[in-house]
Structures are given as structure tokens and as C-alpha cells.
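The values are calculated or read from the model by the stated rules, or taken from the named source; none is laboratory data. Since the model is a prediction, treat every value here as computed from it, not as a measurement. Note: ideal-geometry Cβ built from the backbone for every residue, glycine included; neighbour counts use all protein chains shown.
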Amino acid sequence: MGEITLEQQLKKMRDDWDERARENARYYVATGSAEWTDEEFFASGEKTVAEEILTDMGNICQGKPPGEMRVLEIGCGAARVTRALAKLFGEVHAVDVSGEMVKQAKDGLRDFPNAFVYQNNGTDLSVVPEQPFDFAFSSIVFQHIPSRDVILQYVCEVHRLLRPGALFKFQVQGCVGGDSADDTWLGVCFSEREADEMAHRCGFEPRYKHGAGEQYFWLWFFRR
């Protein structure tokens, strides 16, 4: 296969995730089950929030009451985590590249008027209102993106929307291995050095890391 352009990558990301959403959205969002019930699916999102957010409220809230915080989520899928975020924080705005996923997310959030979901173009956050956000989060999303340029653009866009000092906590693929420009399931890998370089290029301070060299490589980027 010849060199793939950014436009082709973005189209493939949209098409692949739309197809996965139509086939079995909840399985592709969280592969722990092929037959999630509503209760089980959203409980798994509560578990993610309990493990990755409730254990880290000092870095996330920085003294601000959660109910007064505006939060951004990248890659909401079928709102598995979004719903749990909306229970905790005052306002949640979430994006996904897949229109099919966004439809399911909106359905799952129909009882949460403080949660807003948008289909974005897969590379920027121009669909999100330009208001200062207090925290940004992304889990099991960037590990599927087959382009470092796309991930870099997302990180810089999050920087644009966050207030100074706010945290962007997210996870990338940390495994060492070959990258494929057209694989929208196993995305590009990041070393510790590459993660730090990305932080500095986008105006963040890379304060903490966990899981380097593993599938779940967590990064704590604080906006300068």
C-alpha cells in the first residue's frame, strides 16, 4: 500500500468506527463483553472513573468543587465514561469521530442535561464551545489512532480549551512495536521521550507518567 494521506486516515477512522458502532458499539468501546446490558456497560464506566479520577481528585480539581467544573472528554464512544463524568462534574462536553457512536452516546445521556456530545472531524475540537475547561480526560481512545500527527493535534487543541494550570489526563499506546498508518484498532506507540516532546510542543508540563512500554500508558499533562 502507498503512503496514506491525513485525509485518507481521517476518513478511514470515521468509516471504521461507524462500522464498529453499527456492528456492536459497546463491545468495541469495551471489549470485556460482547453482550453488555445497560446496567453493566455504564457500571464499567463508573469503574473507570473510580479508578482513574476519584483516586486523583487533587490533581484534577485543584481545590475546585467538582460540581462547578466544566470537563472535556475526547473519544466518548457510546458514553460509557461520559455518563459517569456527568454524575460527578457540573458540565461535560464530549466528542467522537463516529456519527454512529455519537447517536448512541446521546441516547445514553438523554437523562443528563449537563452532558453535551458532538461529532468532530477527527483532528480538531472546533465543534466544542470556546469556554475555559477545568479538566480534560481520554481513556482507551488514542491507543487506536494510527497517526502521531492526529494525536499531537488533539493534544494542542485540548491545550487551547483548558484554563491555565488545568490537567489533561489521558492514555496512549505505550507498547513498543511497528506502527501502521491504516490500522485504526492498534494505533501508534509512544515512548516516554516522545510523550514528553509532545507535551512541550503543545504547551503542557508533563508532570507524571504511568505504564510506559505498556498498552495503557497514562500521561498527566498540565497546561502552562
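Would you confirm whether any residue within region 29-39 is touching a strand residue (DSSP E or B) at 6+ places or on another chain (Cβ under 7 Å) and not in a strand (DSSP E or B)? No, region 29-39 contains no residue that is touching a strand residue (DSSP E or B) at 6+ places or on another chain (Cβ under 7 Å) and not in a strand (DSSP E or B). For the criterion of being touching a His at 6+ places or on another chain (Cβ under 8 Å) and either outside any loop (DSSP other than H, G, I, E, B) or not small (Gly, Ala, Ser) (or both), Phe168 passes. For region 52-85, a residue qualifies if it is closer than 21 Å to Phe222 by Cα and of a type in the set (Lys, Arg), and the qualifying residues are Lys64, Arg70. Looking across region 57-92 at every residue that is assigned to a strand (DSSP E or B) and within 16 Å of the chain's Cα centre (by Cα), the one that is farthest from Trp17 (Cα to Cα) is identified as Arg70. Could you please find all residues in region 137-180 being of a type in the set (D, E, K, R) and either closer than 21 Å to Arg80 by Cα or at pLDDT below 95 (or both)? Hits for region 137-180 are Arg148, Asp149, Lys169, Asp179.
Looking at region 22-61, which of the residues that are aliphatic (A, V, I, L, M) and modelled with pLDDT under 95 is surrounded by the fewest Cβ atoms within 10 Å (Cβ to Cβ)? Result: Ala34. Consider region 93-137 and keep the residues that are touching a Lys or Arg at 6+ places or on another chain (Cβ under 7 Å) and part of a helix (DSSP H, G or I). The one that is surrounded by the most Cβ atoms within 10 Å (Cβ to Cβ) is Gly108.
The criterion of being closer than 25 Å to Val92 by Cβ, out of contact with any Cys (no Cβ under 6 Å at 6 or more places or on another chain) and not small (Gly, Ala, Ser) does not hold for Phe190.
Scanning region 62-83 for residues that are surrounded by 24 or more Cβ atoms within 10 Å (Cβ to Cβ) and free of Cβ contacts under 8 Å to residues at least 12 places away in the same chain yields nothing.
Taking every residue in region 197-209 that is of a type in the set (Lys, Arg) and pairing it with any residue that is assigned to a helix (DSSP H, G or I) and surrounded by fewer than 17 Cβ atoms within 10 Å (Cβ to Cβ), at least 6 positions away or on another chain, the pairs with Cβ-Cβ distances below 7 Å are Arg201/Leu152; Lys209/Glu192.
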